[in-house]
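Participant: Okay, here's the structure, questions in a sec.
The values are calculated or read from the model by the stated rules, or taken from the named source; none is laboratory data. All values reported here derive from a predicted model rather than from experimental measurement. Positions of Cβ are generated from backbone atoms using ideal geometry, with glycine treated the same way; all protein chains shown enter the neighbour counts.
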């Protein structure tokens, strides 16, 4: 492969976290989760990094990334809020991806800034990039048992798979590790096998996905322009492309343990996990 990009969605407001979680230090040298994503993707073979940010955090984000990765990193920053239309709450992950459309010219891996995916996850994605076409994407999924907190519940996109391809994603809330060691939704829902694949928004696409997503965004905006909290979400719109446009998504399984930031209480847990995962 001659060119490959890493695109990272880092424009979130961090409302539940209470600050700019994209720049919350979790590593021994001041690394943020984003730094491990960049390092692992570049080590896998990616030669360009595109960060989707907001105008109010652009300078701080670029300064931080340069301080960790140096001036030799092939880095581009784009601002989701430049795409518009203006709104206090960002328009969602499809809108975020489209804000990078002009910068994306090669097959790319797409990731969240606040999710730690692990080294091999990016190698798995990179190794499949040459196989992607306008009609074929890739989702790197994680075993649900490797994405759950020790205490508390979360929402996960549970993946249904047929012959190595994604059939659909079911957003499942209240997933938790129960006192008897089993995993399920709530305390009395069906037991879910710990190896069940879930989406943590680690994708890979041919650059032509931008045209397909632009069509989905236009339809979304026409229907929801007046709703201040409506979000155009990537799993939903990829599912629509699968159902209506003949798009297919291969599913690859990562052996890694996921960790990530949502709430302030997550910070010390993530720091502890990073210390183990990067040892």
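Participant: Scan region 101-118 and give yes if some residue there is assigned to a helix (DSSP H, G or I) and at pLDDT 95 or above, otherwise no.
Facilitator: Keep residues of region 101-118 that are assigned to a helix (DSSP H, G or I), which gives none.
No; the residues of region 101-118 include none that is assigned to a helix (DSSP H, G or I) and at pLDDT 95 or above.
Participant: Oh, and also: Filter region 92-131 down to the residues that are buried (at least 24 other Cβ atoms within 10 Å of the Cβ), out of contact with any helix residue (DSSP H, G or I) (no Cβ under 7 Å at 6 or more places or on another chain) and farther than 22 Å from residue 254 by Cα and list them by number.
Facilitator: If the condition is that a residue be buried (at least 24 other Cβ atoms within 10 Å of the Cβ), out of contact with any helix residue (DSSP H, G or I) (no Cβ under 7 Å at 6 or more places or on another chain) and farther than 22 Å from residue 254 by Cα, then 100 is the only one that fits.
Yes or no, residue by residue, for (1) farther than 27 Å from residue 45 by Cα; (2) in a strand (DSSP E or B); (3) modelled with pLDDT of 95 or more:
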position: 161; (1), (2), (3): yes, yes, yes
position: 172; (1), (2), (3): yes, yes, no
position: 187; (1), (2), (3): yes, no, no
position: 207; (1), (2), (3): no, no, yes
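Participant: Just one of (1) farther than 25 Å from residue 22 by Cβ; (2) within 16 Å of the chain's Cα centre (by Cα) trips up residue 163, so point out which.
Facilitator: (2)
Participant: If you don't mind, there's one more thing I want to ask. Does residue 134 meet the test of being modelled with pLDDT under 95, touching a helix residue (DSSP H, G or I) at 6+ places or on another chain (Cβ under 8 Å) and surrounded by fewer than 19 Cβ atoms within 10 Å (Cβ to Cβ)?
Facilitator: no
Participant: Another one. Of the residues 35, 60, 56, which is surrounded by fewer than 24 Cβ atoms within 10 Å (Cβ to Cβ) and out of contact with any helix residue (DSSP H, G or I) (no Cβ under 8 Å at 6 or more places or on another chain)?
Facilitator: When all the criteria are applied, what remains is 56.
Participant: Give all pairs with beta carbons closer than 7 Å in which a residue from region 101-127 that is on the phi > 0 side of the Ramachandran plot and in contact (Cβ under 8 Å) with a residue 12 or more places away in the chain meets a residue that is in a loop (DSSP other than H, G, I, E, B) and surrounded by fewer than 22 Cβ atoms within 10 Å (Cβ to Cβ); count only pairs at least 6 apart in sequence or on separate chains.
Facilitator: Partner pairs satisfying both residue conditions: 118/257.
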